[in-house]
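The structure appears below as structure tokens.
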Amino acid sequence: MRLFRITSSEYIDDISGTGAKLFGGRWNKKGSALLYTSENISLAILEILVHFDGLTVPQNLELLELNLKDDLIQNFSYTQFNKIRRSKDSEYQFKETGDKWIEKNKVLALKVPSIINPYEYNVIINPKHEKFKLLKKKKKQKLELDIRLFK
């Protein structure tokens, strides 16, 4: 499966999950390393856009294409996703669910619906899994976004 990750050029080669470990994410608390990727470029763009305000136009973004065999990816239940998403403490429950999945360390990657667009999927990857070395970097390139996205 082709996967995509967008970040600043300073961190584009770092697929260790350190950023998520330092700051936490939708599926992990601070202290747990996790690599966030998307199934397609447009979703990866949406996933980063929610973190910028209209005054901030990032100048140094890059796109990294990765490849991971499908049999290394487990699907997260859409029913379970919706149950968590609709709960009052969804932010906590997503992090708890992700951290428990990381701790079990049974599967390298988990395909999860996006909060932004639940009809498309992100793939979260556990960098501590023994098969992490099977995640392959394919190519990277500069990403230039249309200024209208920031108006």
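Its residue count N sets the reference 2.2 N^0.38 Å, and the alpha-carbon radius of gyration of the chain equals 1.01 times that reference. Could you tell me which of the pairs Lys30/Lys142; Lys95/Lys142; Lys106/Lys128; Lys30/Lys151; Lys29/Lys100 are separated by over 21 angstrom between their Cα atoms in the structure shown? Beyond 21 Å: Lys30/Lys142; Lys95/Lys142; Lys30/Lys151.
Within 14 Å, Cβ to Cβ, of Glu62, how many net charges do the neighbouring residues add up to if Lys/Arg are +1 and Asp/Glu are -1? Can you show the working numbers first?
Values: positive: Arg5, Lys137, Lys138, Lys139, Lys140, Lys142; negative: Glu10, Asp13, Asp14, Glu65, Glu144.
So the surrounding residues net to +1.
The relative contact order of the chain, computed from alpha carbon pairs under 8 Å that lie at least 6 residues apart in sequence, is 33 percent.
Here the 3J(HN,Hα) profile of the range 128-135, calculated from phi with Karplus coefficients 6.51, -1.76 and 1.60 at θ = phi - 60°, is 8, 6, 4, 9, 4, 4, 7, 6 Hz, Gly and Pro shown as x. Taking other residues whose beta carbon is less than 11 angstrom from the beta carbon of Ile125, and scoring Lys, Arg as +1 and Asp, Glu as -1, yields +4.
For the pair Thr79 and Lys30, a Förster radius of 25 Å applied to the C-beta separation gives a FRET efficiency near 0.30, rounded to the nearest 0.05.
The alpha carbon centroids of the range 127-146 and the range 1-46 are separated by 9 Å.
Values in this text are rule-based calculations from the coordinates and carry no lab data. As the structure is a prediction and not an experimental result, all values here were calculated from the model. Cβ: placed from backbone, ideal geometry, glycine included. Neighbour counts: every protein chain shown.
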